[in-house]
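For reference, the structure is listed below as C-alpha cells.
Rule-based calculations on the coordinates, nothing more; no lab input. These numbers were taken from a predicted model, which means no experiment stands behind them. Please note: Cβ atoms are built from the backbone with ideal geometry, for glycine as well, and neighbour counts cover all protein chains shown.
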Amino acid sequence: MTRDSQPNKEIKIRQAQTDEFREVGELLVKVYSNLEGFPSKEEQPDYYELLLNIGEVTKKPHTQLLVALNPENSIMGAVVYFSDMAYYGSGGIATEQKNASGFRLLAVDPIYRGNGVGKALSLACIKKARTDGNKELIIHSTEFMKLAWKMYEKLGFKRSQPLDFMQQQLQVYGFRLKL
C-alpha cells in the first residue's frame, strides 16, 4: 500500500445509526446543493428528496450507509456502499455489472474538507468490496465534483466511458477500480 492509500487514523468509519439518518440527509443536501453549477432542488426535486431521506436506501439489500466520525463522534461525511450493483440505483449499465461493488453519494461536510474524510470513506468502501469478494468497485461523478476525481485516480480508479449516463441534463461519468 502506498502512503496515499493509508487511512487517517483520527477518522472512524462505521454504519450510520437510524437516529443519524436525518443529519446525514441534511448534510448530503447541503453539500450537493452548494456545488457550483450542480442542478438545484427545483431542477431535480426527486434527487434532493433521495438525499434528504437517505436512510431509506438502507432498506435495500446489500446496501449500507457509512459515516465518517471525528474523535468527538461528530459526523464529518458519509457514503452509500452497495455490495451488489443490482441495488446501486443509477442510470446506464452500472446495475448490470456482476462481481462488483459500488459507492454513491459521497459527501464531506465543508468544515472537514482537506482532512482525508473522503479518502477514508473511499478506502472503507474499497476494503468492504474486497471483503465481499468482488472483483471491482464502481463509482460515478460529475464535472461539478472534478476535485474528487484526483483523489479517486490516486486510489487507482480509472475512467470507464461505458458506465457514463445522463441524469436528466446532467452528464454522469463512470469510474472503475479493479480489485
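Listing for the model above:
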quantity: Furthest towards positive pole of dipole, ALA129, TYR81, TYR47, structure part segment 3-134, Cβ charges; calculated: ALA129
quantity: Neighbour net charge for GLN64 - beta-carbon separation under 12 angstrom, K R +1, D E -1; calculated: +3
quantity: HN-Hα J in Hz across segment 149-163 - Karplus 6.51, -1.76, 1.60, θ = phi - 60°, x for Gly and Pro; calculated: 4, 4, 5, 4, 5, 5, 7, x, 5, 10, 4, 9, 4, x, 8
quantity: Rg to Rh, two decimals, where segment 3-134 supplies the alpha carbon set and Rh follows Kirkwood; calculated: 0.95
quantity: Percentage, to the nearest whole number, of Cα pairs in segment 14-87 over 16 Å apart; calculated: 51 percent
quantity: GLU43-ASN73 FRET efficiency (beta carbon distance; Förster radius 41 Å; 0.05 resolution); calculated: 0.70
quantity: Relative contact order (percent, whole number), the chain, Cα cutoff 8 Å, 6+ residue spacing; calculated: 20 percent
quantity: Net dipole in debye of segment 3-134 [+1 Lys, Arg Cβ; -1 Asp, Glu Cβ; about Cα centre; nearest 20]; calculated: 660 debye
quantity: Residue order, fewest to most surrounding Cβ atoms within 10 angstrom, among GLU96, GLU72; calculated: GLU72, GLU96
